[in-house]
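The values are calculated or read from the model by the stated rules, or taken from the named source; none is laboratory data. Since we're looking at a predicted model, the values are computed, not measured. Cβ placement follows ideal geometry from the backbone for every residue including glycine, while neighbour counts extend to all protein chains displayed.
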Amino acid sequence: MSLNKFVANKARPLPVIIMADTSGSMSVDGKIDSLNQSLRDMIKSFSQEGRSRAEINVAIITFGGQAEVHLKLTPAYQIEQMQELNANGGTPLGEACLLAKKLIEDKNIISSRAYRPVIILLSDGHPTDDYSAAYSELVNSERAQKATRLALSIGADADDSVLGDFSNDIEAPLFHAKNANEIHRFFRAVTMSVANHSKSQTPNQPIKLDFAEIGEGELVEDDFDLDF
């Protein structure tokens with residue numbers, strides 16, 4: 001038998017895309033500091049995971065004053081240092097949605113062999129631009145419909161109607177963080193769930209976003225990765 005039969009398969013990318021509100025209100029009560037620490041911890045954890053089946057890739061899109069790709073989609077183990085997020089300006093969610101749609105639909109960036117992405121939208125306020133059309137384009141795009149979409153509402157002033165419509169998990173349409181500590185807790189649960197799933201024997205099975213292992217919380221089931 002040819003030795004070629006035993007050549008190991010290359011790990012398939014598992015994209016994790018963060019859409020982060022970095023408007024001025026995120027500077028209050030330690031929210032932006034907690035988000036920065038949460039993202040650093042997440043990337044560090046992902047970078048230490050094995051890559052036999054899935055290679056976790058991370059991208060960060062920020063929207064505060066203007067929307068921009070803060071971190072292009074990069075294998076987590078290649079990210080040596082994340083540039084700090086700064087909070088200022090308004091909340092241009094529509095601009096962020098257009099950037100996210102462009103990223104997720106670009107097959108030169110996310111190949112057809114990738115597992116379906118995880119997209120996380122978080123905000124502590126209301127959109128300040130005319131976001132509706134761009135928002136609809138994103139959530140109704142072919143790949144975003146197949147993605148696992150999670151939403152985090154921060155504080156009492158977030159637009160829960162917008163965030164709730166973003167999530168596609170029927171059992172957990174929206175997560176809430178009342179304070180900065182709960183932002184970190186949410187990201188810890190996401191990190192553990194994605195990391196565990198990336199090395200599972202059945203990476204096409206649903207994941208479970210499990211808060212029970214890190215403190216008070218609930219167990220949430222969520223669809224995860226299938227081929228595009």
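Quick test of your reading of the structure: Arg143 fulfils all but one of (1) in a loop (DSSP other than H, G, I, E, B); (2) within 18 Å of the chain's Cα centre (by Cα). Name the failing condition by number.
The number of the failed condition is (1).
Give the number of residues within the range 31-59 that are part of a helix (DSSP H, G or I), in contact (Cβ under 8 Å) with a residue 24 or more places away in the chain and of a type in the set (D, E, K, R). Explain how you work it out, then say what you get.
The first filter runs over the range 31-59 and keeps only residues part of a helix (DSSP H, G or I), leaving 31-47.
So of that shortlist, the ones also in contact (Cβ under 8 Å) with a residue 24 or more places away in the chain come out as 31-43, 45-47.
This time we only want the ones that are of a type in the set (D, E, K, R), so: 31, 33, 40-41.
Residues in the range 31-59 being part of a helix (DSSP H, G or I), in contact (Cβ under 8 Å) with a residue 24 or more places away in the chain and of a type in the set (D, E, K, R): 4 in total.
For Glu84, state whether it is among the acidic types (Asp, Glu), at pLDDT 95 or above and surrounded by fewer than 18 Cβ atoms within 10 Å (Cβ to Cβ).
Working: among the acidic types (Asp, Glu): yes; at pLDDT 95 or above: yes; surrounded by fewer than 18 Cβ atoms within 10 Å (Cβ to Cβ): yes.
Yes.
If the requirement is being part of a helix (DSSP H, G or I), within 22 Å of Ser38 (Cα to Cα) and not acidic (Asp, Glu), which of these qualifies: Leu122, Leu150, Leu138, Leu163? Before you say what the answer is, go through the steps one by one.
Details: Leu122 fails: part of a helix (DSSP H, G or I); Leu150 fails: part of a helix (DSSP H, G or I); Leu138 fails: within 22 Å of Ser38 (Cα to Cα).
Criteria check complete, one pass: Leu163.
Counting just the residues of the range 175-190 that are touching a Ser or Thr at 6+ places or on another chain (Cβ under 6 Å) and either at pLDDT below 90 or in a helix (DSSP H, G or I) (or both), which one comes out nearest to Ile120 (Cα to Cα)?
Step one: list which residues in the range 175-190 are touching a Ser or Thr at 6+ places or on another chain (Cβ under 6 Å), which gives 176, 180, 183-184, 187.
From what's left, either at pLDDT below 90 or in a helix (DSSP H, G or I) (or both): 180, 183-184, 187.
Working: Ala180: 17, Ile183: 12, His184: 14, Phe187: 10 Å.
Filtering the range 175-190 for residues that are touching a Ser or Thr at 6+ places or on another chain (Cβ under 6 Å) and either at pLDDT below 90 or in a helix (DSSP H, G or I) (or both), the one nearest to Ile120 (Cα to Cα) comes out as Phe187.
Which of the residues that make up the range 36-50 are over 21 Å from Leu122 (Cβ atoms), surrounded by 15 or more Cβ atoms within 10 Å (Cβ to Cβ) and in contact with a Lys or Arg (Cβ under 9 Å, 6 or more places away or on another chain)?
Result: Glu49, single match.
For Thr128, are the conditions met, namely being assigned to a loop (DSSP other than H, G, I, E, B) and among the polar types (S, T, N, Q)?
Details: assigned to a loop (DSSP other than H, G, I, E, B): yes; among the polar types (S, T, N, Q): yes.
The answer is yes for Thr128.
Return the only residue of Ala133, Ala114 being under 20 Å from Glu68 (Cα atoms), surrounded by fewer than 22 Cβ atoms within 10 Å (Cβ to Cβ) and hydrophobic (A, V, I, L, M, F, W, C). Before the answer, list the steps.
Details: Ala114 fails: under 20 Å from Glu68 (Cα atoms).
Result of the check over Ala133, Ala114: Ala133.
Looking at (1) assigned to a loop (DSSP other than H, G, I, E, B); (2) surrounded by fewer than 18 Cβ atoms within 10 Å (Cβ to Cβ); (3) at pLDDT 75 or above, can you tell me which one Asn168 breaks?
(2)
Going through Asp129, Asp165 one at a time, which residue ends up being of a type in the set (D, E, K, R) and in contact with a Gly (Cβ under 8 Å, 6 or more places away or on another chain)?
Working: Asp165 fails: in contact with a Gly (Cβ under 8 Å, 6 or more places away or on another chain).
After applying the criteria, what remains is Asp129.
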